[in-house]
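Structure record follows, encoded as structure tokens.
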Amino acid sequence: ETGVTQTPRHLVMGMTNKKSLKCEQHLGHNAMYWYKQSAKKPLELMFVYSLEERVENNSVPSRFSPECPNSSHLFLHLHTLQPEDSALYLCASSQATRKAGFHYGYTFGSGTRLTVV
Amino acid sequence: AQRVTQPEKLLSVFKGAPVELKCNYSYSGSPELFWYVQYSRQRLQLLLRHISRESIKGFTADLNKGETSFHLKKPFAQEEDSAMYYCALSGESGNTPLVFGKGTRLSVIA
């Protein structure tokens, strides 16, 4: 399969559960991202792995934990979530470069619709 | 700080009418601007980027640094253009994450 694939498509979890979201890209990109898409809010950047570096985002609660074992795979580990964490979680990849003045843009996955009950 | 503003949540136009989706940005350097589109039940996909100076599906967008705008335009709207449109900005390095606006829903009425 080509492009960016996210699994599962839908996830319902209790507040005491532990689950993981998976993202896989087959584009040869060297950067991957997690975004949160909530109703009436812009896309919120959660985590970035780019050019073999993880970029911390101090505003994301510690109940979200990313993992990037290689440039093709990205995980988002979830534990003790709150109902307000219910949202669409989007994964994206890009070909990042340190070259100034040029950005290739992202390829997005279809997202995981997460509901916390 | 980088910020993208799309002032309209919803824009309704009649088929065949011109369309302009507004996008304003805040960034002190030389930004790269993008438009993404999300059709019903489909994933977000890149529509166009200013650096390419291209026209996709009849849409164009011109970066106006004086007005810090990157409005998306199409001379004649079609029903299949109905979708959510997101404007996004990147800093000067190809390694900086994109910052997105809240999006504008375009509804083209037959």
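The values are calculated or read from the model by the stated rules, or taken from the named source; none is laboratory data. From a predicted model like this one, the values you see are computed outputs, not experimental measurements. Note: ideal-geometry Cβ built from the backbone for every residue, glycine included; neighbour counts use all protein chains shown. Note: areas computed on protein heavy atoms with side chains; ligands, DNA, RNA excluded. Shrake-Rupley method; radii C 1.70, N 1.55, O 1.52, S 1.80 Å.
A few points about this structure:
- Residues in the range A:66-101 that are open to solvent by 50 Å² or more (accessible area, probe 1.4 Å) and out of contact with any Pro (no Cβ under 9 Å at 6 or more places or on another chain): 12 in all.
- All strands (runs of 3 or more DSSP E) inside the range A:10-117 with 2 or more residues being within 14 Å of chain B (Cβ to nearest Cβ) and touching a Phe, Trp or Tyr at 6+ places or on another chain (Cβ under 7 Å): A:31-37, A:44-50, A:87-94
- Residue match in the range B:81-104 (condition: part of a loop (DSSP other than H, G, I, E, B) and among the aromatic types (Phe, Trp, Tyr)): no
- Residue match in the range B:86-103 (condition: more than 9 Å from chain A (Cβ to nearest Cβ) and not hydrophobic (A, V, I, L, M, F, W, C)): no
- Hits in the range B:1-31 - residues which are touching a Phe, Trp or Tyr at 6+ places or on another chain (Cβ under 7 Å) and open to solvent by less than 60 Å² (accessible area, probe 1.4 Å): B:VAL4, B:GLY16, B:LEU21, B:CYS23, B:TYR25, B:PRO31
- Tabulated pairs, the range B:3-25, first without any contact (Cβ under 8 Å) to a residue 24 or more places away in the chain, second open to solvent by 50 Å² or more (accessible area, probe 1.4 Å), C-beta under 6 angstrom, 6+ apart or interchain: B:PRO7/B:LYS22
- In the range B:60-82, the residues that are of a type in the set (D, E, K, R) and surrounded by fewer than 12 Cβ atoms within 10 Å (Cβ to Cβ): B:LYS65, B:GLU67, B:GLU79, B:GLU80
- For the range B:14-70, a residue qualifies if it is part of a loop (DSSP other than H, G, I, E, B), within 17 Å of B:TYR86 (Cβ to Cβ), charged (D, E, K, R) and out of contact with any Ser or Thr (no Cβ under 8 Å at 6 or more places or on another chain), and the qualifying residues are B:ARG41, B:LYS57.
- Annotation: B:ALA110 fulfils all but one of (1) within 20 Å of A:SER38 (Cβ to Cβ); (2) of a type in the set (A, V, I, L, M, F, W, C); (3) out of contact with any Gly (no Cβ under 7 Å at 6 or more places or on another chain); (4) open to solvent by 10 Å² or more (accessible area, probe 1.4 Å); the unmet one is (1).
- For the range B:38-49, the condition holds for no residue, the condition being that it is surrounded by 13 or more Cβ atoms within 10 Å (Cβ to Cβ) and touching a Pro at 6+ places or on another chain (Cβ under 9 Å).
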